[in-house]
1. Note the direction-averaged projected area, equal to a quarter of the hull surface, for the Cα convex hull of the chain, in nm².
2. Which stretch or stretches of the stretch 86-114 have amide N atoms under 18 Å from the point lying 7 Å from residue 19's Cα along the Cα→Cβ direction?
3. Using the basic label-point model (7 angstrom from Cα toward the beta carbon), what is the residue 141 to residue 202 distance in nanometres?
4. Below 8 Å, C-alpha to C-alpha, sequence gap of six or more: please give me the relative contact order for the stretch 54-198 in percent.
5. How many Å³ per residue does the convex hull of the Cα positions in the stretch 83-134 occupy?
6. Jot down the radius of gyration and Dmax of the stretch 170-215, Cα atoms only, both in angstrom.
7. Tilt of helix 4-13 relative to the longest C-alpha principal axis of the chain, in degrees (0 to 90, nearest 10)?
8. Consider just the alpha-carbon atoms of the stretch 1-109 and return their Rg together with their Dmax, both in angstrom.
Amino acid sequence: MPTDSTTRQEQYLSVLSPRTSSLLSEMYTADSLPGIAAGTFVTIDKTVRIQPRQGAAMHSLISAAGAKSSLEIGMAYGFSTMWILDALSRHPGASHVSIDPYQNKSWGGVGLEAARLLDCHAAFEWVEERSDFAVATFAKSNRRFDFIFIDGNHRFDDVICDFYLSDQVLAVQGIVVFDDLWMPSIQSAVRFIERNRSYDRIQTPEPNMAAFRKRSDDERGWQHFVPFDGDPTPPNLFRRLRNRAQRLFH
């Protein structure tokens, strides 16, 4: 007899195409998955993968936005990749890029093998490079994406770096999603965006993700800053320091 958790997982997977649903159902129940090298299997750390409810929430955002191009920072076992590719595949000419320099070294190529097995209509590209290098290259070539999923290095400064560069390649009205909102580093990054950048928070049923829609490209003044993790500087002192700096540099 199916358990409540099994029933809920089936409900989440029901939004997918039959092919993707079948593959992901097997992936979520497996303790090990095939790697990119023939005959190899990799033991899965189940705390790393995104859960079906998270995948379904992201799938819904992509579908509702009509996104045709997406970027993913951090591929790991490819669970998020599968959800994204399925949502994109409804659009002819759609494409997805996954950045993960450790895909083979740390993850055994499991994500790449999953994408190969899916063989969906959306074009898939893997970039074996650090996210800061890769996204900066996209920015220099004026490449743009409708949807970006940030799930790479979770240190605060790395998350902010990924966001800062991703903003430069995210189309206006595009969507960016952050995973692992339970972590203080991600929470701080989210508060920075809410208070300092031209993004609107999108409410989703998934509490472990934060989603934003981009209102405009960055047009802030060079001195712009709104405190986001408490306010250690008293407002009057902050204004005096700002005014003094403006006199010095103008």
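Where a number appears in this text, it was derived from the coordinates with a stated rule and is not lab data. Owing to the predicted nature of the structure, the values given are computational and were not obtained by experimental measurement. Quick reminder, even Gly has a Cβ in these numbers, built from the backbone with ideal geometry, and neighbours come from all protein chains shown.
1. Mean orientational projected area (the chain, Cα hull): 15.6 nm².
2. 86-97, 111-114
3. 2.5 nm
4. Computed value for the stretch 54-198: 23 percent relative contact order.
5. 72 Å³
6. 10.1, 28
7. Between the helix axis and the principal axis of the chain, the angle is about 80 degrees.
8. 14.2, 42
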